[in-house]
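Asks: For reference, the structure I am asking about is given below.
Every read-out reported here was derived from the displayed coordinates using simple, explicitly stated rules and does not represent laboratory data. All values derive from a computational prediction rather than experimental measurement. Positions of Cβ are generated from backbone atoms using ideal geometry, with glycine treated the same way; all protein chains shown enter the neighbour counts.
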Amino acid sequence: MSERNLEQLFIKRSQQKKKTSPLNYKERLFVLSDDKISYYDYDPEKGKKKSLKGSIELEKIKCVETVIPEDNSPPERQFPFQIIYDEGPLYVFSKSDDIRKLWIRKIRHVVRFNKDLMHKYHPRFWEDGIWRCCQQAVKQAMGCRVLETRNGGFANRSERHRKSQKPLPPTPEEEKPSRPLPPQPPPQPQQQGPCPGSTVIAEYSYPPMAPTDLELRKDEEYTILEMSDANWWKARDKYGKEGYIPANYVTEATNGLEKFEWYCKNMNRSQAEHLMRTENKDGGFLVRDSSKAGKYTVSVFSKAGGETVGMCKHYNICTTSQGQFYLAQSHNFSSIPDLINYHQHNSAGLVSRLKHFVSNRADSAPSPFGLGYGVWEIDPTHLTFIKELGCGQFGVVKYGKWQGQHDVAIKMIKEGSMSELDFIEEAKVMMKLRHQNLVQLYGVCTTQRPIYIVTEFLSNGCLLTYLRETLKGPTPIHLLEMCKDVTEGMAYLESQQFIHRDLAARNCLVAANGDIKVTDFGLSRYVLDDEYTSSAGTKFPVRWSPPEVLLYCKFSSKSDIWAYGVLMWEIYTLGKMPYERLNNSEIVDKVSTGLRLYRPQLANERVYSIMSTCWREKAEERPTFEELASNVQDLLYEMQ
Ligand code: ADP
Ligand code: MG
């Protein structure tokens with residue numbers, strides 16, 4: 001598949017190919033294409049690239065890493081990275097950490113099969129004939145630091161990929177623990193997210209659910225003490241009280257916008273549209289992080305001209321070279337809140353004045369990762385049943401409340417439908433699976449019959465019904481975002497070596513804000529029903545199964561990938577039945593001899609090529625979920 005170009009203005013440091021050549025820093029337009037990185041002179045007046053100044057062939061790249069900024073570096077040189085190739089390092093300075101991460105990730109991805117990838121690198125600059133990290137005076141000297149794998153797991157990704165292609169012999173450095181490291185700070189000056197000692201702000205109130213929990217009050221500050229469980233952090237409030245809090249209820253104050261109700265930090269374009277359309281108010285607006293790293297977007301809903309449907313518009317907040325913000329030229333402001341304040345009173349070129357902020361924050365706290373820290377056996381008397389949601393393989397599923405206030409879904413397991421003891425053992429493992437795109441298992445009630453499985457409740461119900469009945473005129477971005485949600489949940493399961501075995505639109509649910517979450521992972525192993533478990537059974541998911549499952553019952557993350565391709569097809573056909581005209585035994589015959597699903601009308605060639613990679617005959621040639629997530633993300637990035 002051909003990678004599309006990526007372009008960015010960076011500052012490039014001169015390469016000091018001769019010891020005596022002076023150091024200088026120039027702005028260059030960098031272009032990442034299929035086979036090289038080129039940099040050009042740039043005319044800021046005309047916004048055009050001028051002459052080509054140089055290029056690096058991608059196949060010669062050995063390493064891409066961050067660099068520790070120089071001491072007293074000016075603001076525009078805070079985010080350096082290095083591209084190491086046979087002529088040594090090329091130093092590039094990005095405007096923001098996010099853009100730097102994006103480029104590092106992209107370049108690492110395209111060079112991941114290169115022959116001479118390095119295992120060690122220099123975390124500081126080569127300057128005036130010396131490596132600033134280890135003081136070695138030979139430019140070719142081997143790196144003094146083992147490559148970091150922390151940077152968003154990107155190095156991990158290529159590492160894992162390489163393993164599946166051809167294992168590299170371990171280098172002597174890797175066999176020994178790499179102890180004698182130079183006494184520099186780690187090469188990632190900007191860690192993502194809070195760490196112990198950080199101050200966070202509660203985005204929602206959290207009434208303690210278990211005795212070891214700490215109460216959160218909205219907009220108050222807390223200090224993080226311990227993060228050994230990724231989802232329940234130990235924290236201290238301003239009165240000195242300590243306890244566990246759900247990590248998804250707090251946010252690190254990074255840009256000062258967190259306290260404004262109109263700021264919806266982690267919201268994407270389609271969620272914003274969904275929210276504004278639901279509110280259906282002319283002039284509804286919010287501010288969100290743009291898909292372009294480090295930038296912000298104002299989303300506005302307008303019913304101008306008396307339209308009943310209304311339209312959504314998205315405006316990027318631009319910055320002038322003096323660091324001022326504007327939406328409409330000639331109205332510049334020194335801060336984003338000032339800019340919003342102005343446009344609350346003046347439309348000044350926008351479809352509407354910003355009349356009402358729309359927020360997903362006010363009362364809809366996210367589901368915590370469980371019903372209190374460490375709780376998994378739930379007291380059934382704490383549950384109240386409100387209404388029946390549907391009936392599945394294991395019996396009735398109900399919507400209810402836990403302790404009268406928390407929404408939950410309760411699966412009441414019909415006796416004889418599940419191998420219960422095995423499931424109860426496994427439930428402890430499943431409780432630890434936590435991801436925003438997986439339906440959270442909260443706990444089980446096992447002291448009575450029928451047993452209950454208590455999970456997070458998703459108010460928009462099953463994805464298949466949602467595709468068929470609710471979704472009207474979806475945009476291409478919305479469809480792809482749904483796919484992305486699933487790839488992320490599944491990439492997490494894959495990283496935990498957990499196989500779903502029954503991935504399909506019927507096993508995904510839709511949250512109130514439109515997010516998609518995967519459910520029922522691994523449950524099929526506990527079904528007591530031959531029609532469901534045997535591949536010849538009428539309930540077996542034949543339409544979602546690859547040849548190796550149909551022929552030899554060989555389940556793996558790669559059979560989940562096949563099913564994901566079919567799920568993507570369900571999304572793009574708005575819930576059609578795969579191979580509609582064929583019965584199960586015809587499908588087994590035809591799929592094992594090469595038949596594949598056709599391209600849905602709503603899917604363009606690139607989307608279809610992503611789903612088609614999931615249906616490669618040989619399981620090992622199918623992508624991983626992590627790669628799918630990154631392909632889908634790249635495509636989304638280009639569409640926005
Ligand atoms: P089973 O796994 O036993 O076959 P399902 O998961 O298919 O049962 O559940 C039956 C129906 O109940 C689903 O189609 C969906 O509409 C509803 N449902 C199940 N779990 C939830 C949930 N967590 N939140 C909201 N609705 C749910
Ligand atoms: Mg189900």
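Asks: Taking 2.2 N^0.38 Å as the expected size of a compact globular protein, what ratio does the Cα radius of gyration of segment 9-63 give against it, to two decimals?
Replies: Ratio of Cα Rg to 2.2 N^0.38 Å: 1.24.
Asks: What is the packing order of peptides 204-210, 553-559, taking the mean over residues of other C-beta atoms within 10 Å and listing the highest first?
Replies: Ranked by mean Cβ neighbours within 10 Å, highest first: 553-559, 204-210.
Asks: Shifting gears a bit: Using only the C-alpha atoms of segment 474-600, find the volume of their convex hull and express it per residue in Å³.
Replies: Residue-normalised Cα hull volume stands at 110 Å³.
Asks: So between Val138 and His331, what do we pick up on full extension, going 0.36 nm a residue minus the alpha carbon distance?
Replies: That pair, Val138 and His331, stretches by 64.2 nm at full extension.
Asks: Also: Would you order Glu377, Glu627 from fewest to most other beta-carbon atoms within 10 Å of each residue's own beta-carbon?
Replies: Glu377, Glu627
Asks: Helix 269-279 sits at what angle to the longest principal axis of the chain, using alpha carbons and giving 0 to 90 degrees rounded to 10?
Replies: It works out to around 50 degrees.
Asks: Sticking with this structure for a sec: Hey, got a sec? Which chymotrypsin sites (Phe, Trp or Tyr not before Pro) in segment 226-322 land in a DSSP loop and have at most 15 other Cβ atoms within 10 Å?
Replies: Here the chymotrypsin sites (Phe, Trp or Tyr not before Pro) that fit, given the DSSP loop and packing criteria, are Tyr239, Phe260.
Asks: Another one. Going out from 0 in 10 Å bins, what whole percent of all Cα-Cα distances in segment 406-461 drops into each bin?
Replies: Once binned at 10 Å, the Cα pair distances of segment 406-461 give 22, 53, 24, 1.
Asks: If you keep only loop residues by DSSP, which trypsin sites (Lys or Arg not before Pro) in segment 462-519 have at most 13 other Cβ atoms within 10 Å of their Cβ?
Replies: Passing both the DSSP loop test and the Cβ count: Lys472.
Asks: Report the rotationally averaged projected area of segment 64-123 based on its alpha-carbon convex hull, in square nanometres.
Replies: 4.3
Asks: Which whole-Hz ³J(HN,Hα) couplings does segment 201-207 yield from phi under the Karplus relation 6.51 cos²θ - 1.76 cosθ + 1.60, θ = phi - 60°, glycine and proline marked x?
Replies: Whole-Hz 3J(HN,Hα) from phi for segment 201-207: 10, 6, 7, 9, 7, 9, x.
Asks: Counting helices only, and only those DSSP H runs with n ≥ 4, report the 222 nm mean residue ellipticity of the chain as the sum of -39,500 (n - 2.57) divided by its residues, in deg cm²/dmol to the nearest 500.
Replies: It comes out at -6500 deg cm²/dmol, rounded to the nearest 500.
Asks: Give me the three principal axis extents of the chain from the C-alpha atoms, as integers in angstrom, largest value leading.
Replies: For the chain, the Cα extents along the three principal axes come out at 82, 62, 55 Å.
Asks: Still on this structure, please answer the following. If the only charges are +1 at each Lys and Arg Cβ and -1 at each Asp and Glu Cβ, what is the size of the charge dipole of the chain around the Cα centre, to the nearest 20 debye?
Replies: 1800
Asks: Any idea what angle helix 625-639 forms with the longest principal axis of the chain, computed on alpha-carbon atoms, 0 to 90 degrees, nearest 10?
Replies: Value to nearest ten degrees: 70.
Asks: Another one. Nearest-5 percent of antiparallel DSSP beta bridges in the chain?
Replies: Counting DSSP beta bridges with both partners in the chain, the antiparallel share is about 95 percent.
Asks: Follow-up. Restricting to DSSP loop positions (anything but H, G, I, E, B) with no more than 12 other Cβ atoms inside 10 Å of their own Cβ, which GluC sites (Glu not before Pro) remain in segment 524-607?
Replies: Glu580
Asks: Relative to the longest principal axis of the chain, what angle (0 to 90°, nearest 10) does the C-alpha long axis of helix 154-165 take?
Replies: Approximately 70 degrees, to the nearest 10.
Asks: Can you list residues from other chains, or at least 5 along the same chain, whose modelled amide H is less than 5 Å from the amide H of Phe457?
Replies: Residues meeting the amide H criterion: Ala409.
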